[in-house]
Each structure stands twice: as structure tokens, then as C-alpha cells.
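To start, the structure under review is shown below, and the notes come after it.
The values are calculated or read from the model by the stated rules, or taken from the named source; none is laboratory data. Here the structure is a predicted model, which is why all the values come from computation and not from measurement. For neighbour counting, all protein chains shown are included, and Cβ atoms are generated from backbone atoms with ideal geometry for every residue, glycine included. Areas reflect the complete protein model, heavy atoms only, side chains present, ligands, DNA and RNA absent. Shrake-Rupley method; radii C 1.70, N 1.55, O 1.52, S 1.80 Å.
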Amino acid sequence: MLKVIAACGNGMGTSQIIKMKIGNVFKRLNIQVEVGHMSVGEAIGQAGNYDVVFCSDSLAGSFKAGGKTKIIGLKNLLSEQEIETKLKDAGLA
């Protein structure tokens, strides 16, 4: 099972919406996933405990490159199509 974080600037509304969209995509792809949500500040410190971090493109550079965690930046945080495409590009679907 993949462990995923949806991260936004303050960890409240936007990350909850991204979490729901991510869950929809993984369900459609029949991939088991545990999705959490938090602020980018929290996610930076905890990213190593997760397989994937989703956040806006503008915040993706806040994370250190390397390691096992994939950082996926989104242009349109509400686009399930973009989430699915980026998952496939990252080799996760």
C-alpha cells in the first residue's frame, strides 16, 4: 500500500480537497493507498515517511530532491486527469 500526502500552504481546505481527488484517482486505478493531508511545512519534515507527496508546482521546490519519496507538483490542484497523468509519468500507475 502506498502512503501519500496531499500538502498545501496551511494544511487545511486545499489539502483536504486534493486528498479527495487523489483518493478518487487511486480508486479508479485500483491501487491501494493511504492518503493524508497536511501543511507543506509539516510535509517537508515528514516526507521521508511517505512514498509520494502531492502539492502545487510552486511549492514542489520546497522539498529536498532525492530519497525514495516522489514529489509531484500539480498545476491544477483539482484536476484528477493531471493527477493520473503525473502518477503514470512517475511510474506509480
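Quick look at the numbers
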{"item": "Gain upon complete extension [residue 93, residue 29; 0.36 nm per residue less C-alpha separation]", "result": "22.3 nm"}
{"item": "Phi to ³J(HN,Hα) by Karplus 6.51 cos²θ - 1.76 cosθ + 1.60 over region 26-39, Hz, x for Gly, Pro", "result": "4, 5, 4, 7, 6, 10, 6, 8, 10, 10, x, 9, 6, 6"}
{"item": "Set of lysines with alpha-carbon distance to residue 68 below 21 Å, sequence-local pairs under 8 removed", "result": "3, 19, 86, 88"}
{"item": "The chain, relative contact order in percent, only Cα pairs under 8 angstrom and at least six apart counted", "result": "31 percent"}
{"item": "For residue 69, net neighbour charge (Lys/Arg +1, Asp/Glu -1) across residues whose Cβ lies under 11 Å away", "result": "+3"}
{"item": "³J(HN,Hα) computed for each position of region 41-57 - Karplus, 6.51 cos²θ - 1.76 cosθ + 1.60, integer Hz, glycine/proline x", "result": "x, 5, 4, 4, x, 10, 3, x, 8, 10, 7, 9, 10, 9, 7, 5, 3"}
{"item": "Carbon and sulfur %, accessible surface of region 2-89 computed with the full protein complex present, 1.4 Å", "result": "50 percent"}
{"item": "Nearest-20 debye value, the chain charge dipole, Cβ charges on Lys, Arg, Asp, Glu", "result": "120 debye"}
{"item": "Long-range amide H partners of residue 70 with built H, under 5 Å", "result": "52, 53"}
{"item": "The chain shape via C-alpha gyration tensor axes, a/c threshold 1.5", "result": "rounded"}
{"item": "Residues of type aspartates and glutamates that residue 64 reaches as a straight line, Cα spacing below 15 Å, ignoring anything fewer than 8 places off in the same chain", "result": "42, 51"}
